[in-house]
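Student: Please read through the structure below; I'll follow up with questions.
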């Protein structure tokens, strides 16, 4: 027996449903606003001058609405992202130090690393708070505001530089350990070092625009 054919009404209904589905899946999304495009372009232009621009774009684009076109808010966002990275790296190294699988020398190095990352967290927290203060007062044209801005930016540069040094010293402590241990430490810390370098690059660029 030949297969029973589908009735015309059912065929018509199927075609309509297929047409609707295709139309929905292919519907154009609303175009981003000019402001949103401008914010992303602003971030990209500043990230282009950092050591790791692709990472900079990826971590700061989600903050485009909050950043707008403010250098201080951009620096604040970069420092905030770095602070989160430092907290995560510290937690990972603390877990590694307490895992009981390291040699005594490596366990001591891991403990030192946790301490250094703790220092980095403290300095980055200060940097975030200070840059937030600067963002709130950005645009003021008085001489006092200019001096305050310079002091804040220089302070943040000092703290971020020290945090980057701590990142590097943390990895240096494992030079004599097995490759697997060194790679584990690197996986926890190298991303933080890159975030810190980018944040410092943005702050340095901001410093170049801040009157003495």
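Student: Do the conditions hold for residue 79, that is, is it within 30 Å of residue 184 (Cβ to Cβ) and touching a helix residue (DSSP H, G or I) at 6+ places or on another chain (Cβ under 6 Å)?
Tutor: yes
Student: Take residue 119 and decide whether it is part of a helix (DSSP H, G or I), touching a residue at least 60 places away in the same chain (Cβ under 8 Å) and either in contact with a strand residue (DSSP E or B) (Cβ under 8 Å, 6 or more places away or on another chain) or over 26 Å from residue 68 (Cβ atoms) (or both).
Tutor: Here the answer is no, as residue 119 does not meet what is asked.
Student: Kindly evaluate residue 163 against the criterion of being more than 24 Å from residue 193 (Cβ to Cβ) and surrounded by 15 or more Cβ atoms within 10 Å (Cβ to Cβ).
Tutor: Against the criterion (more than 24 Å from residue 193 (Cβ to Cβ) and surrounded by 15 or more Cβ atoms within 10 Å (Cβ to Cβ)), residue 163 does not qualify.
Student: Could you grab me the full set of residues in region 131-149 that are out of contact with any helix residue (DSSP H, G or I) (no Cβ under 7 Å at 6 or more places or on another chain), part of a helix (DSSP H, G or I) and loosely packed, with under 15 Cβ neighbours inside 10 Å?
Tutor: Scanning region 131-149 gives 136, 143, 144, 146, 147.
Student: Sticking with this structure for a sec: Identify all residues within region 26-47 that are over 20 Å from residue 164 (Cα atoms) and either assigned to a helix (DSSP H, G or I) or at pLDDT 95 or above (or both); write none if there are none.
Tutor: Result: 34, 35, 36, 37, 38, 39, 40, 41, 42, 43, 44, 45.
Student: Same structure, new question: If you check residue 105 against the conditions, is it out of contact with any helix residue (DSSP H, G or I) (no Cβ under 8 Å at 6 or more places or on another chain), touching a residue at least 40 places away in the same chain (Cβ under 8 Å) and over 15 Å from residue 75 (Cα atoms)?
Tutor: When the stated conditions are applied, residue 105 passes them.
Student: Go through (1) under 19 Å from residue 170 (Cβ atoms); (2) buried (at least 17 other Cβ atoms within 10 Å of the Cβ) and name the single condition residue 91 misses.
Tutor: Result: residue 91 passes all but (2).
The values are calculated or read from the model by the stated rules, or taken from the named source; none is laboratory data. Please read these numbers as outputs of a predicted model, since none were measured by experiment. In this analysis, Cβ positions are derived from the backbone assuming ideal geometry, glycine residues included, and neighbour counts consider all displayed protein chains.
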